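As structure tokens, the structure follows; a few thoughts come after it.
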Number of protein chains: 2
Amino acid sequence: IANRAQGFSNRGMTLEEDINAANTYYRDMDKAVIHKKPTPIQVVNVHYPKRSAAVITEGYFKQPSTTDYNGIYRGRHIDFEAKETKNKTRFPLANIHEHQIRHMKSIAKQGAVCFLIIRFSAYEETYYMPAEVLFRYWDAQFNGGKKSIRYETIVKEGYLVPFHYQARVNYLAVIDKLYF
Amino acid sequence: IANRAQGFSNRGMTLEEDINAANTYYRDMDKAVIHKKPTPIQVVNVHYPKRSAAVITEGYFKQPSTTDYNGIYRGRHIDFEAKETKNKTRFPLANIHEHQIRHMKSIAKQGAVCFLIIRFSAYEETYYMPAEVLFRYWDAQFNGGKKSIRYETIVKEGYLVPFHYQARVNYLAVIDKLYF
Ligand SMILES: [Mg+2]
Ligand SMILES: [Mg+2]
């Protein structure tokens, strides 16, 4: 029933839009301070017109070396990556970059609350997957394991993120259950 | 003597270069994971040439709504802003934006280790100023207080950041003293 409700209320919003809405709501309520990191851009040429703002006339998107979101909640450092897939049966690990995994392993070692948010858009279901679970499947792919994680595995080893009218992917509810 | 040593070894590096070097060293040593946030850029036009990378042909620098650096150290969320001044007698509060103070107050409430790094380039001295001290002077300016913080005050209420050959502004040493 929760999934149905989520699917119905949330039609057409991207995962990023939903997470940004949740973060804005969390900040407005003084619940948590979590931001999307800006996309790193290599600025090559800037034009400085008189009397108006500098214009970047040549720039390139750089590969992010970390994850999409970080911040703080109840004293804990929060850091996560979000991925949406149209795949109905599995989440391909190729969606994650190796340097992102390296980053997640480093911050997990420092004591961060680290996770992956995966949305199966076909089902309009969003899952919270603890970094440790992700690391297990990630590492296994280099030892004869699969290059993807099955949907059923994610349902079993992850946590369905509840829909909330304002915090549209209410991932802090999962963190509350797991950490507090 | 510490200041002299710092001045000598560090000539010509900007504060940002020094902090980036420190962060790289901390990450390489597995001591902490702290990054500079990318500069937020509003992308207006992108050209997609065949067979090569997308080129941003029109973009604008946006005002950052948070601070420059954040990350995690020994389980604590770290968040700070860095400012360099040529002024020899005081640090003008106009160097900080109001929304940055708002951000710092929100994360301080969540339990972050939050501070300002101020470099007086004339003296080649770098100070760690706890956010609470900054907030006190910031708020006071709206109640008849000064629009700047005197150099002597920063020396007294802040902490000289020691020079370290690889972590050129070794601010974790100050955090160790204050928090651990
Ligand atoms: Mg992403
Ligand atoms: Mg700055």
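The values are calculated or read from the model by the stated rules, or taken from the named source; none is laboratory data. Quick caveat: nothing in here was measured; it's all calculated off a predicted structure. Glycine also receives a Cβ, built like all others from the backbone with ideal geometry; neighbour counts cover every protein chain displayed. Just the protein is used for accessible areas: all its heavy atoms, side chains included, with ligands, DNA and RNA removed. Shrake-Rupley method; radii C 1.70, N 1.55, O 1.52, S 1.80 Å.
Run through the DSSP bridge list for the protein assembly as shown and note the antiparallel percent, rounded to the nearest 5. Could the numbers behind the result be given before it?
On the way: 54 of 70 bridges.
Of the beta bridges lying entirely in the protein assembly as shown, close to 75 percent run antiparallel.
If you take the Cα atoms of the protein assembly as shown, find Rg, then find the Kirkwood Rh from the mean of 1/r over all pairs, what is Rg/Rh? Can you show the working numbers first?
Details: Rg = 22.2 Å, Rh = 22.4 Å.
My calculation puts Rg/Rh at 0.99.
Please work out the average accessible area per residue across the protein assembly as shown, using the 1.4 Å probe convention, and give it in Å². Don't skip to the end; give the middle numbers.
Numbers: 18270 Å² over 360 residues.
On a per-residue basis, the protein assembly as shown sits at 51 Å².
Helix A:15-28 against the longest principal axis of chain A: what's the angle in degrees, Cα atoms only, rounded to the nearest 10?
Approximately 80 degrees, to the nearest ten.
Relative contact order for the range B:34-180: what percent, with Cα pairs under 8 Å and sequence separation of 6 or more? It would help to have the intermediate numbers written out before the result.
Values: 223 pairs, mean separation 25.7, N = 147.
In percent, rounded to a whole number, it is 17.
With the label 7 angstrom out along Cα to Cβ, how close does B:ASN45 come to the same site in each of the other copies, in nm, nearest first?
Values, ascending and in nm: 1.2.
How far apart, in nanometres, would the label points at B:LYS62 and A:GLU16 be if each is projected 7 angstrom from Cα along the Cα-to-Cβ direction?
1.1
Mind checking which aspartates and glutamates have their Cα closer than 20 Å to the Cα of B:LYS50? Skip sequence neighbours fewer than 8 apart in that chain.
Cross-link targets: A:GLU58, B:GLU58.
In whole Å, what is the distance between the alpha-carbon centres of the range B:25-100 and the range A:107-180?
28
Once phi is turned into ³J(HN,Hα) by the Karplus curve 6.51 cos²θ - 1.76 cosθ + 1.60 with θ = phi - 60°, what whole-Hz value does each residue of the range B:89-106 show in order, with x for glycine and proline?
The phi angles translate into 10, 7, 10, x, 5, 4, 5, 10, 8, 4, 5, 6, 4, 4, 4, 4, 5, 5 Hz.
Between copies, how far does the label point of B:ARG102 sit from its twins, in nm, shortest first, when each point is 7 Å from Cα along Cα→Cβ?
3.7
Please go through the residue pairs A:LYS31/A:LYS109; A:LYS31/A:LYS105; A:LYS109/A:LYS147; A:LYS156/A:LYS177 and name each one whose alpha carbons sit more than 19 Å apart in this structure. Write down the numbers at each step before the final one.
On the way: A:LYS31/A:LYS109 25 Å; A:LYS31/A:LYS105 26 Å; A:LYS109/A:LYS147 25 Å; A:LYS156/A:LYS177 16 Å.
Violating the 19 Å limit, Cα to Cα: A:LYS31/A:LYS109; A:LYS31/A:LYS105; A:LYS109/A:LYS147.
Can you tell me how the range A:2-179 classifies by the Cα gyration tensor, rounded, prolate or oblate, using a/c under 1.5 as the rounded cut? Write out the running numbers ahead of the final one.
Working: a/c = 1.64, a/b = 1.33, b/c = 1.23.
Cα axes put the range A:2-179 in the prolate bin.
Between copies, how close do the A:ASN143 label points come, placed 7 Å along Cα→Cβ, listed in nm from shortest?
In ascending order, 6.0 nm.
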